[in-house]
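None of the figures in this text is laboratory data; all of them are computed from the coordinates on show. Note that this is a predicted model, so its numbers are computed, not measured. Every residue, glycine as well, gets a Cβ built from its backbone with ideal geometry; the counts of neighbours run over all protein chains shown.
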Amino acid sequence: MKINILKNYWELGEVVSDIVEHTLTLPEPKLVLPTGSTPISLYKELVNRDLDWSTTTTFNLDEYVINLNHPHSYNSFMKKQLFDRVNIYPDNYHFPFRPTEAFEDKIKEIDLCILGIGSNGHIAFNEPGSSFESRTRVVDLSEQTIEDNSRFFDSIDEVPKQAITMGLGTIMESKKIVLMANGEHKLNILNVAMNGEVTEDIPASILQNHKNVKIYYCE
Ligand code: F6R
């Protein structure tokens, strides 16, 4: 698969913003959005563009099993980075919740799904070994992910051990998928996932089976 290499982190945000901007011109657009450090330049750029989000519905890929008002919940992250700064209706943004079947029922006809990739090849919180058929569910986070994400918390002990994540099967139903990766430490896993064997050991490798995926990387 082609990995599009961009000049820098800000260009990554701009290029993916162009795709989001186009999607927002569709009637009642539906987006799936990531958190983490990678999409921050995207959300900054989108806020600067002053787009109309009033008919848009969004679904986040995942959420920790945590109080939603916790400063490090993905709910808090998204409000701070995007939702409180654009004209999206609070009723129109969603995070995975229990019962997960009820959340699944809402995710239909996704126009654009934006992903990051974990250093172990996870997408959303589908850790290595996740079934390619998986749907939204509660998962245990791997040691690697807990360690990677401890940088957002005061100590590693505060990182939640579980999350609710969209499944790989759920993600693959999106009409279009964009994967963003930033930093040299992601290059190896990106190459393995996009050009190596398609295997549940590398969850992101499932994207090789999707007809409309764009991969963007910057150092
Ligand atoms: C978060 C998510 C995760 C991250 C991945 C990379 O919503 O879906 O899969 O995209 O862990 O995180 P960063 O961008 O912090 O390297």
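From the alpha carbon centroid of region 6-31 to that of region 40-91 is 15 Å.
Computed over region 155-200, the percent of Cα pairs more than 13 Å apart is 74.
Evaluating 6.51 cos²θ - 1.76 cosθ + 1.60 at θ = phi - 60° for every residue in region 127-133, the Karplus couplings come out as 6, x, x, 5, 5, 5, 8 Hz, glycine and proline recorded as x.
A simple spin-label model places the labels of Asp201 and Ile40 3.4 nm from each other, with each point 7 Å out along Cα-to-Cβ. Taking all Cα pairs closer than 8 Å and separated by 6 or more residues, the relative contact order of region 94-219 comes to 32 percent.
Spatially close Lys pairs in region 3-218, defined by Cα atoms under 18 Å apart and a spacing of eight or more places or different chains, total 21. Legend: ranking of residues Asp111, Asp201 from fewest to most surrounding C-beta atoms inside 10 Å; resulting order Asp201, Asp111. Relative to the Cα centre, the charge distribution of the chain, modelled as +1 at Lys and Arg Cβ and -1 at Asp and Glu Cβ, gives a dipole magnitude of about 420 debye.
Close amide H contacts of Gln162 (hydrogens built in the peptide plane, cut-off under 5 Å, sequence separation of 5 or more or a different chain): Val65, Leu141. Lys and Arg at +1, Asp and Glu at -1: add these up for the other residues within a Cβ distance under 15 Å of Ile202 and post the number. Its environment carries a net charge of -3. Between His94 and Phe153, the FRET efficiency from the beta-carbon distance, with R0 = 22 Å, is close to 0.35.
Over region 59-170, the Kirkwood radius and the radius of gyration, each from Cα atoms, give a ratio Rg/Rh of 0.94. Fewest-first ordering of Met166, Met78 by other beta carbons within 10 Å of each residue's beta carbon gives Met78, Met166. Structural descriptor for region 1-150: relative contact order 24 percent, calculated from alpha carbon pairs under 8 angstrom and at least 6 residues apart.
Rounded to whole numbers, the Karplus 3J(HN,Hα) couplings from phi for region 167-178 are x, 5, x, 5, 4, 5, 7, 5, 5, 9, 10, 10 Hz, using 6.51 cos²θ - 1.76 cosθ + 1.60 with θ = phi - 60°, and x at Gly and Pro. Beta-bridge orientation, the chain: approximately 30 percent antiparallel, per DSSP, counting only bridges with both partners inside.
By other beta-carbon atoms within 10 Å, ranking Ser130, Ser37 with the fewest at the front produces Ser37, Ser130. The HN-Hα couplings worked out from phi for region 76-89 by the Karplus form 6.51 cos²θ - 1.76 cosθ + 1.60 (θ = phi - 60°) are 5, 4, 5, 5, 5, 6, 9, 4, 7, 10, 10, 8, 7, 7 Hz, whole numbers, x standing for Gly and Pro.
Under 5 Å between amide hydrogens, built in the peptide plane, is the criterion, and for His94 it picks out Thr58, Phe59, Asn60 among residues at least 5 positions away or on other chains. Expressed as a fraction of 2.2 N^0.38 Å, the value expected for a compact globular protein of N residues, the C-alpha radius of gyration of the chain is 0.94.
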